[in-house]
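As structure tokens, the structure follows; a few thoughts come after it.
The values are calculated or read from the model by the stated rules, or taken from the named source; none is laboratory data. All values reported here derive from a predicted model rather than from experimental measurement. Cβ placement follows ideal geometry from the backbone for every residue including glycine, while neighbour counts extend to all protein chains displayed.
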Amino acid sequence: MTFLASSSMLVWWMAIILLTTTTMILTAAADLVVKLDDVARVKHHRRGASGDMVPGEEHMRKLLLQWDSVEGALEYQVCHNCVFVPPEEKGHYFGEIKQGNIDTVPATQLKANRPVFIFPNAPLGKNTFRVRVSVKEHEWGPWSDPRNFMVDEPGTVQHQHEDEL
């Protein structure tokens, strides 16, 4: 009976340790979730110190995205029009990317003391972005929730939920 009682107690303690460790990991991952701003800036695609429009590129735009800094960030990744495998069900995602373009943004790339990603040659129409952070070399937090921006004329654009597009 003593062996059974001590075995049960050991299993009980192991379950508590596992639950505590899982909670700590999930809390740490939650601290790494980046939230892209709901607003982005669209500008004409210009080149050079004079800021002149480039002949033949009048239809091009650049998009400026920002988010709040994550303490200890080394760099961020921004994914443009990503499709995940398997498809995301809900919430933040660590999955493999099947389609999309990823750009790396140094944590030192700032505008008004906040990280900024400047996306040149943004296609007109719907553009979807996600961002994630690295606080340890080659280790990434989860991808943020998507932000959808309709790129058209220069100015400020608001995030649009899928059902608004």
Hits in segment 38-87 (condition: acidic (Asp, Glu) and either buried (at least 17 other Cβ atoms within 10 Å of the Cβ) or assigned to a strand (DSSP E or B) (or both)): Asp52, Glu75
Looking only at segment 44-65, and only at residues there that are without any contact (Cβ under 8 Å) to a residue 40 or more places away in the chain and under 28 Å from the mean Cα position of the chain (by Cα), the one that is nearest to Gly155 (Cα to Cα): Arg46
Run down Ala107, Ala122 and say which single residue is of a type in the set (A, V, I, L, M), modelled with pLDDT of 90 or more and over 15 Å from the mean Cα position of the chain (by Cα). Ala122
Would you call Val133 of a type in the set (A, V, I, L, M, F, W, C) and closer than 21 Å to Val39 by Cβ? yes
